[in-house]
Amino acid sequence: MTSDATATTTPTPATPEPTPARSRASRIRRGLAWTAAALVLGSAGAGWWVYSHLEGNIDSVDLDRAIGTDNRPPKVVEKAQNILVLGSDSRAGANGELDHGNVSGARSDTAMLVHIPEGRSRATAVSIPRDTLVTRPECKDGDGRTVPEASRVMFNSVYSVAGPACVVKTVEQLSGIRVDHFVEVDFAGFKGLVDALGGVTVTLDQPMTGAKGGLRLDAGTHRLNGTDALKFVRTRYGYGDGSDLGRIGLQQQFMLAMLSEIKKQDALGNPARLYKLADAGTKSLTTDSDLASLTALADFAQSMKGVDPSTMETIMLPVAYDKVDPNRVVIAQEQASQLWEALRTDQKVPASAKDSPAKGGAGARSKSPAPAPSPSAS
C-alpha cells in the first residue's frame, strides 16, 4: 500500500533591512573610494598641466640642421660635455621693462663655454669677452638665409646678425671644440631665477658707484634680488676699470654664487622649489633641440649634481688689446691655443693658458667656499 507524501518547502528568510550603522559605513567607503579616485585623477591632471606648462615655455634650435654636420670639430673625449651658455640682451617682451637703452634686436651680452670633464665632478667656465674681434663663419640665419663670412666683427654681434646657431659655429671654429649643447637665458629669465631662489649673496671688495645708471652698492656683503642682480652682472662703468673685461669678473663670481645658492637650498631635491625655479627659468629659455624637454633637462641636471661650485674654475679667454682699435680686443693666440687644447683633451688647464695680456679689474667675490679668481683669470 502506498501513501502520497506531502511536499513541503522551507521558506527563504527575508533579507534584513540594513541597520543605520551598516548603511553609514557603506556610504563612507563609497565616499572614500570616490575621493581617492578624484585625488588620483586630479593629481594626474595637475601633473600633466605642470609638465605641459613648463615644457611649452622652452624654445629650441636644432644645431645639426642649422649648422650642418660637416666641418664641425670631432668629439675627442666622448663622455666630456661642452655647453655654450649665452645671456641675451633682448629688449623684447618682458625684457623691455627691465633695462632701457637704444638697442634694437638682441646680442649675446654674456657668453661662457662650460667644460665638464669625464666623471662630471668639476667644471671650467671660459668667458668670451663680447668686444673680442673674431671671424664670423658663413652661417644660415633663423630664416634660412645665408650670412656671408666676415672678419674683425665683434663677437657679440654674431648673435644679432645670424642667431644663436651661428654663435655656436663661431665658438667651434675659434676653439676647435665640439659644442654639445647650448643654453640661452634672457633678462627676464635671469631675473626670475634669482627671485625664485629668494636672492643671491655677493661680496664687494670696493664700492660700486652706480655710474651711467648702474647699481650703487657699498663695499661689503649684499643680498641681491633679481632686478639688482641683473644690474650687477651688467655693471661696467663705476666699478673697477670700467671695462668689459672687468665686468666678466662680476659675471663669473655671480654665477658661482648662484650655483652655490642652488646647491645650498637643495633645489633639485625640493619639488616645490624646483617647480619655482623651472617655471622661472623655462619662461625665457632657449636650448638646443636635444635639451628641449623637461625630461632631458632633468636628466642633464641630475648628471651634473656632482659638480661643486667651490671647485669650479672660471677663466677669461686670453685676449690682447687690438692695435688698430684699443677699445676692442683680439684673441691672444698663444695662450688661447693652450687653453682650448687642454679643454678639448680633458686635461688640466696650465697656468700659462690663463695669463691674459689684457686684464680687467675685478673686486667681487661670492659668499661661498669658492675663492675669488686671480686678476689673470678675470
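Bear in mind these aren't lab numbers, they're just calculated from the coordinates by the rules spelled out. Since the model is a prediction, treat every value here as computed from it, not as a measurement. Positions of Cβ are backbone-derived with ideal geometry, glycine not excepted, and every protein chain shown enters the neighbour counts.
Structure above, values below:
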read-out	value
Greater than 20 Å apart at Cα, pairs in K263/K348; K75/K283; K191/K276	K263/K348; K75/K283
Listed peptides 346-359, 170-183, 62-75 by packing density, highest first (mean Cβ within 10 Å)	170-183, 346-359, 62-75
Chain lengthening between A298 and K75 when straightened (0.36 nm per residue, less Cα-Cα)	77.9 nm
Projected label distance in nm at D290 and D195, using a 7 Å step from Cα toward the beta-carbon	3.4
Theoretical gain in end-to-end length, Y321 to V147 [0.36 nm per residue, Cα-Cα removed]	59.9 nm
Protection proxy ranking, peptides 78-85, 150-157, average beta carbon neighbours within 10 Å, highest first	78-85, 150-157
Computed lengthening from Q333 to A351, 0.36 nm per intervening residue step minus Cα-Cα distance	5.0 nm
